[in-house]
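Readers should treat all values here as calculations from the given coordinates under stated rules, not as data from a laboratory. Please read these numbers as outputs of a predicted model, since none were measured by experiment. Ideal geometry is used to build each Cβ from the backbone, glycine not excepted, and the neighbour counts take in all protein chains shown.
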Amino acid sequence: MPPRCRTSSGYRGVRVRPFGWFYVEIRSGNVRLSLGTFETAHEAAHTYDSAAWRLSRPCSPMNFHDAQTCQQAQDLAPPPRLIIDQDHEEHRRRQRCLRIAEADELAMAEWRQRYLQDVANENAF
């Protein structure tokens, strides 16, 4: 059976992040449980189904109907990704690079506004 279209990713519980990865969350009562971020929507959807099995959800709202037991759903889902200090450092490094790039863009925009003749000379060159 094909997956059910629920969000922009095409799967229930899976959202597309701006940078192209797929974020999974499931609700349990009034609590939202974050299941992680994955490179593909397919992996994310299997993770959602595995969590739904663990929460004893009915099979009808799941993305795939190829798992008949909780163990089969867990076997199909990728193992959870452990976030380590190295991941946090990489995230901080990327955020610094992004802030530098944004500052460069702002400086160039300000330069273009202040020095119109230089911009015209550059375009003519």
Gyration tensor verdict on the stretch 26-76 (Cα atoms; rounded if a/c is under 1.5, prolate if a/b is larger than b/c, oblate otherwise): oblate
R0 of 25 Å, Cβ-Cβ distance Gln68-Glu25: FRET efficiency to nearest 0.05: 0.55
Estimated D of the stretch 85-124 in µm² per second, where Rh is the Kirkwood radius over Cα pairs and Stokes-Einstein applies at 37 °C, 0.692 mPa s: 272 µm²/s
